[in-house]
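One structure below.
The values are calculated or read from the model by the stated rules, or taken from the named source; none is laboratory data. Here the structure is a predicted model, which is why all the values come from computation and not from measurement. Glycine also receives a Cβ, built like all others from the backbone with ideal geometry; neighbour counts cover every protein chain displayed. These accessible areas exclude ligands, DNA and RNA; they are computed on the full protein's heavy atoms, side chains included. Shrake-Rupley method; radii C 1.70, N 1.55, O 1.52, S 1.80 Å.
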Amino acid sequence: TAITLTGADGKAGDLLRSVIPVNDAITLRMHHSFVALPDNGYVPRLFDPRAGYFTNSYFDYSTPVAEPIQKQFIERHRLKKKDPSAPVSEAVNPIVYYLDNGTPEPIRTALLTGAKWWNQAFEAAGYKNAFQVYILPDSADPMDIRYNMINWVHRDTRGWSYGASVTDPRTGEIIKGNVTLGSLRVRQDYLIAQGLLAPFENGLPADDKMLKMALARLNQLAAHEIGHTLGLLHNFSSSVNDRASVMDYPHPLIRLNSKGDIDLSNAYDNKIGEWDKIAITWGYQDFPEGTNEKQALDKILEEAAKKGLFFISDNDARDPAGLHPQAHLWDNGTDAVAELKEVVKIRTKALQQFGIKNIRPGVAMAQLEDVLVPVYLYHRYQVEAVCKEVGGMFYTYAIRGDNQPVTRPISKEEQLKALNAAADCLDPSFLKIPDDIAKLIPPRPAGIEPTRELFKKRTGLSFDLLAPAETAADLPLSFIFHPERLSRMVQYEAQQQGLGVKEMINVLIGKTWKAPRRSGMEKLIQQQTEQILLTYLLRSVIDEAISFQARAEAQQAVKELSAFISAQEKISKDSSYLAHLALAADRIKSPEKVKGIKQKEMPPGSPIGCDL
Ligand SMILES: [Zn+2]
């Protein structure tokens, strides 16, 4: 049933106003579906925390007392083999998805390509043509419950895409997969590439590497969101295994080529991942008659674990206090520290060549800042991954009897390596915006207003040379000094020879307060970073969310820093440095005043090409 609602009272709210042509009228078409529940031919698959599926759960009060009252089944489509005993079999009814027929080229082909990757995973499970994708016929309604849909939707700003499903609440059977892809965010990927390549030598580049990278991202995007509607959760630990899942958040994997130029050709993978094949085999295998299904399912996950392929999801990876060394959003590589060094090389090269060639002829010079933001902050996700190794611990979602490693400490040496790599991103030479770039960015002209995508400033109209450094220095410190991380570090130091809070602080003070003095703009950045670090130290002393011993160690470190500051005040002749020291000494006297301090926050970074 389709209902058309027309509002003409002129009372559109902000969200509505941003997407309708005129404020005083809107027509909205609503589609209601009254759907009979599926027949009894579907057999639910029991939930397993290692497999990475959405769960459908309910309480069954008729359950015997000794058995779990909560029933948990995975969400998945109904899929059966014509011949389960054959090595390869067609499905009785394949899973069919339809792409929005309003999707334009070249996006249409990119989405179709990525969507069809899933057939590779079903092939790994012994199916033939069990996953198919077509363009939605003009006569069909995308809201029809019978069609699994991939919708291409225009939005007001860049934002997340979604993979949602209509499921049978009794069994978890997916009745309709419904993917919604935001059309605007692909432009952010294009912008990143534009920032890295400085491509506009004379107008438009002949070989559009930027568009190629953005379309490669759309392959990923289609596969990712469809994955959710096949029942799969995010697997954020797959980027450590050579990009083993499209259900991770992919950061472009970019390297310098043999000529030292930035090479985007391997930015995104071009196939379904190894983990995805395992997950689909586990969730969708139709075993031959006589198989012990529980044993067969366990074997799939145990063999994956032996190859180092496992599943770690959102709770672990999104938490700024997270401790898993391999579960991160938008990261790459097996070793977060080694990858950060690669990322820094790309950032350095891109900043070196940054200039007027980063925008097209005819674009306002002030808009260079829009392109500079993703280049300057290019390291933001990889440095987050590195920081999480500090006070971290490896673990799996092991269950009793599966022989997986359960927990494994991260050695103090590894933690120090990570801490030092993060601290390198506090160096004034790293944080400085090159002078020749800063000179090219005037205040915004009338008609080209500032957006939320730019650096937050303390200098009003003019480009702020220090605020980007403030934001970028705050980033690693905000992770390292997370109250839960500090509280944990004290425990891991005592229990598993981990890195302690005091030693961590000493490393950071060594790299900042006790480092050789810089001059010019680097000196201003150095002193600013020192004050930001002091803010975190003082906050760690007074924050009651932090355990007593962690606070005590922070307090000890502040006392020692105070003594260092007094000694420097006696020997320095530099009036700017002396003023900086006096401010710090004053701040140390009243630590409670740090409560109101907020560093200039990051412009939005996620999502890199729409995902959820
Ligand atoms: Zn997602």
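Values as computed for the structure displayed
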quantity	calculated
Protection-proxy order for peptides 243-253, 126-136, each taking the mean of Cβ atoms within 10 Å per residue, highest first	243-253, 126-136
Length-normalised contact order for the range 455-612 - Cα pairs under 8 Å, 6+ apart - percent	29 percent
Relative packing of 307-320, 414-427, which averages over residues the other C-beta atoms within 10 Å, highest first	414-427, 307-320
Residues of type lysines that LYS128 reaches as a straight line, Cα spacing below 25 Å, ignoring anything fewer than 8 places off in the same chain	LYS80, LYS81, LYS82, LYS116, LYS176, LYS271, LYS277, LYS294, LYS299
20 Å Cα-Cα reach of LYS598 towards lysines, excluding residues that sit fewer than 8 places from it in its own chain	LYS456, LYS457, LYS589
For the chain, share of DSSP beta bridges that run antiparallel, in % to the nearest 5	60 percent
Solvent-accessible area per residue for the range 6-151 (1.4 angstrom probe, square angstrom)	59 Å²
In degrees, nearest ten, helix 548-571 long axis to first principal axis of the chain (Cα)	30 degrees
Under 25 Å from LYS345, Cα to Cα: lysines that are on another chain or at least 8 residues apart	LYS209, LYS212, LYS259, LYS357, LYS388, LYS417, LYS432, LYS439, LYS511, LYS523
Relative contact order (%) - the range 89-343, alpha-carbon pairs under 8 angstrom, separation at least six	19 percent
Local net charge near GLN531, Cβ-Cβ under 12 Å (Lys/Arg +1, Asp/Glu -1)	-3
